[in-house]
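Okay, so here's the structure we're looking at.
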Amino acid sequence: MAKKKKEEKVEMKTGFVCPECGCHIFLEDPVRGERVCARCGLVLEEEMVDLSQEWRAFDEEQKMRRARTGAPLTATKHDKGLTTEIGKTGEIFKVAPEKRAQYQRLAKWQKRLVESKDRNLSFALSELQRLVSYLGLPRQVHEEVARRYEKAVDKGLVRGRSMESVIASLVYAVCREMGSPRTLEEIEKASGVDKREIGRTYRYIARQLGMKILPASAEDYIPRFTSMLGLSDKVQARAIQILKKAKKCMVTSGKGPKGVAAAAVYIAAVLEGEKKTQREIAEVVGVTEVTIRNRFKELVEKLGISDEIERKIRELEERR
């Protein structure tokens, strides 16, 4: 008779406590699929599912080739990327002719039986994908907006409001929360929803979901503004340095962050020899030339760099 294979038990510590003896150490038996207390033998869990693969691999290439996992779960899809859809029109012709009508009926009923929440999420998340692509937002923002929208749907906050306005307001809120703010004008242009409607929906959704978002600072806008204007990293670093000094002098207090950021970028560009006109900056950033001019005067006077700026401007004009 063949000897019985010795059962392996793995000792492990977890955050759980045995309800009988209070022990923190458990034995995991992969053969029986049980987890038992190491002190008193109480079975805490049985019929455990083995989540490890049933095949072996001897190198990284073989491991990748034999892997059968799909894409990771993601909140950016209404079904988290798990469900499947019956036959598209191109695929249906691969089925035997006598079965086509049956598959077409199944596909029709699959669409009819989808829950209203899934249907709502399907449309909303496709709109979110378009906004994220248009505004060039990072993956983290995309995932977080999708999660917040699903939470809003579960709480019934979307009822009575347009799906587009809720998505736009969440994009605005999450962008500010994650330190890559977008202006209401930019989101209005991308979504086609009036900025007053976005503002109203934003205030309601933020209150209901308990989102406490601090006002965006001028420094948060600098990296994006310098990138949009095609300026170097030196200008970006100089602009942030100027804003930090201005903050200590209380120059930025009570001023719109966009206008202050635009003026700081203008000053930094002049000091680094990469001058952009105020009109060019105003057109890209979305503020008026008057705003930039006013913030510029306040910054150079308080920081005591008026003479240096004038000299640099003269040098740049002579080069031209």
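Taking a threshold of 25 Å on the Cα-Cα distance, which of the pairs 189/244; 275/302; 117/195 fall above it?
The pairs that break the limit, which is 25 Å between Cα atoms, are 189/244; 117/195.
Using only DSSP helix segments of four residues or longer, with each worth -39500 (n - 2.57), what per-residue ellipticity at 222 nm results for the chain after dividing by its residue count and rounding to 500?
Here the helix-only value at 222 nm equals -18000 deg cm²/dmol.
Would you kindly state how much longer the chain becomes between residue 56 and residue 134 on full extension, computed as 0.36 nm times their sequence separation minus their alpha carbon distance, in nm to one decimal?
Gain on extension, residue 56 to residue 134, equals 23.6 nm.
What relative contact order, as a whole-number percentage, does segment 243-295 give when Cα pairs under 8 Å and 6 or more residues apart are counted?
Relative contact order, segment 243-295: 34 percent.
Would you mind checking the tilt of helix 233-248 against the longest principal axis of the Cα atoms of the chain, expressed as 0 to 90 degrees and rounded to 10?
So the inclination is approximately 80 degrees.
In whole Hz, what ³J(HN,Hα) sequence does segment 284-301 give by Karplus (6.51, -1.76, 1.60; θ = phi - 60°), x for Gly and Pro?
These are the phi-based 3J(HN,Hα) values: 6, 6, x, 10, 7, 4, 4, 4, 4, 4, 5, 5, 4, 4, 4, 5, 5, 5 Hz.
So which trypsin sites (Lys or Arg not before Pro) in segment 196-293 are both in a DSSP loop and have at most 15 other Cβ atoms within 10 Å of their Cβ?
212
If you build a Gaussian network model of the chain, linking Cα atoms that sit under 10 Å apart, which residue out of 284, 158, 49 swings the most?
49
Determine ³J(HN,Hα), in whole Hz, for all residues of segment 255-261 in sequence, where each value follows from phi through the Karplus function 6.51 cos²θ - 1.76 cosθ + 1.60 and θ = phi - 60°; x replaces Gly and Pro.
Coupling constants for segment 255-261: 9, x, x, 5, x, 5, 4 Hz.
State, as an integer percentage, the relative contact order of the chain based on alpha-carbon contacts under 8 Å between residues 6 or more apart.
Numbers: 331 pairs, mean separation 26.0, N = 320.
Relative contact order comes out at 8 percent.
Once amide H atoms are built 1.01 Å from N in the peptide plane, which residues 5 or more positions from residue 44, or in another chain, come under 5 Å H to H?
35, 36, 37
Segment 106-167: which GluC sites (Glu not before Pro) are DSSP loop and have at most 13 other beta-carbon atoms within 10 angstrom? If you can, show how the numbers build up before the last one.
On the way: sites: 115, 127, 143, 144, 150, 164; in loops: 115.
Filter output for segment 106-167: 115.
Looking at the square roots a ≥ b ≥ c of the eigenvalues of the Cα gyration tensor of segment 218-319, which shape do they give, rounded for a/c under 1.5, prolate if a/b is larger than b/c, or oblate?
It is rounded, given that a/c, with a ≥ b ≥ c, falls under 1.5.
Cα gyration tensor of the chain, axes a ≥ b ≥ c as square roots of the eigenvalues: rounded (a/c below 1.5), prolate (a/b > b/c) or oblate?
prolate
Between residue 244 and residue 65, what is the label-to-label distance in nm when each label sits 7 Å out along the Cα-to-Cβ direction?
Label-label distance for residue 244 and residue 65, simple model: 5.3 nm.
Bear in mind that the values in this text are calculations on the coordinates, not laboratory data. Everything quoted here is computed from the prediction, not taken from an experiment. Quick reminder, even Gly has a Cβ in these numbers, built from the backbone with ideal geometry, and neighbours come from all protein chains shown.
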